[in-house]
1. Applying 1/(1 + (r/R0)^6) with R0 = 22 Å to the Cβ-Cβ distance of T12 and T106, what FRET efficiency is obtained, to the nearest 0.05?
2. Of the listed pairs K134/K165; K21/K164; K220/K280; K16/K129, which have alpha-carbon separations greater than 19 Å here?
3. Report the gain in length on full extension from I290 to L160: 0.36 nm times residue separation, minus Cα-Cα distance, nm rounded to one decimal.
4. At a 10 angstrom cut-off on C-beta neighbours, averaged per residue, how do the peptides 74-85, 156-167, 58-69 rank from highest to lowest?
5. Using the number of other C-beta atoms within 10 angstrom as an exposure proxy, rank I153, I246 with the fewest first.
6. Fewest to most neighbouring Cβ within 10 Å: what's the order for Y29, Y17, Y237?
7. P(r) for region 39-98, please, calculated from all Cα pair distances in 5 Å bins and given in %.
8. Would you mind putting 282-293, 93-104 in packing order, based on average other-beta-carbon counts within 10 Å, highest first?
Amino acid sequence: MSRNMKHSPSKTIGRKYWLAKAMKFHDIYFSKGEYGFSPANFNPENLSIEQARLAGRDNSLWKPWGILLGAQIWRMANEANIGDIIFLESENKNIHAWGVITGPYTFRSPAKITKEYLAKNEIHNLSVKWHEVKNGDNSFRSGRGDNLCFREITARENVLPILKKFIDAPLTSVPQQPYKNAPQDIEYLEGGKVLRSHLSTERSSNAAKLAKELARKRSKSGKLVCEACKCIPENDYKNTEAIIDIIEAHHVIPLAKGQRNTKPEDFCMLCPCCHRAVHKLININTEPEIALQIVVKCNS
């Protein structure tokens with residue numbers, strides 16, 4: 001693999017699948033309920049991927065691979081989401097376990113690191129619920145070019161189907177993390193698959209637009225009003241050439257309730273702030289209908 005290989009930001013919407021190195025101490029991951037590795041000592045959370053590459057180059061004890069390792073650490077911190085699946089592998093041929101990410105990335109840096117320390121401890125971590133694999137020996141060969149610590153394999157058609165066979169428990173629906181690579185009318189993912197039919201068909205793409213038109217007609221002012229806080233963004237963001245429309249159409253009946261034909265009546269109008277508040281509540285396991293009620297009540 002080229003040491004200057006570029007790792008572009010992920011384009012995956014929804015659940016991602018990752019292949020992660022187990023090193024020699026994978027039993028520690030099981031007992032701690034986490035995955036971690038320490039190829040370079042820097043915090044990637046407020047960095048761009050380019051800055052992370054440079055930080056990896058400057059802070060890795062394995063200098064020839066520092067740029068690559070910096071990009072992988074950045075992915076772990078910024079692209080791995082709760083609900084994603086990790087496959088734990090060693091020597092590019094054995095699968096030890098698969099797990100569901102249950103908590104956000106954390107950075108634990110020691111005052112001083114050595115190669116010996118990094119070999120036995122982890123400073124970049126994700127909380128994971130692990131399922132041990134008993135028959136993962138010689139399960140696949142991803143090749144020398146994939147000999148990396150942490151990489152996404154969602155689009156790897158020659159690897160992912162093989163690894164999915166080890167998943168021996170049902171995967172629950174995963175709420176889309178709000179405003180992260182998602183159009184405004186994605187709300188839920190079912191069975192690890194993006195509900196693309198809702199986004200790609202002309203009928204569905206028109207539903208939100210028709211809902212907005214209906215809401216505008218029903219409004220006394222003829223303007224779109226947030227149904228939670230009652231603000232009218234058109235009054236606050238004036239433009240002499242065009243109406244600035246930032247009201248968003250939110251599904252009253254979540255898509256997780258079942259795939260269906262969407263009608264304009266299935267939406268309510270929310271400003272970006274209230275829409276985000278609803279999704280924040282949903283992401284901490286509040287029922288979607290209750291989340292909307294809470295945001296409305298907080299603004300009354």
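1. Computed FRET efficiency for T12 and T106 comes out at 0.50.
2. K220/K280
3. Using 0.36 nm per residue and subtracting the Cα-Cα distance, I get 43.1 nm.
4. 74-85, 58-69, 156-167
5. On the way: I153 18, I246 14.
Going from sparsest to densest Cβ surroundings: I246, I153.
6. Going from least to most buried by this count: Y237, Y17, Y29.
7. 4, 21, 21, 17, 20, 14, 4
8. With the highest mean Cβ count within 10 Å placed first, the list reads 93-104, 282-293.
Laboratory data are not the source of any read-out in this text; all were calculated from the coordinates shown. If you're wondering where the values come from, they're calculated on a predicted model, not measured in any experiment. Every residue, glycine among them, receives a Cβ derived from its backbone with ideal geometry; neighbour counts consider all protein chains shown.
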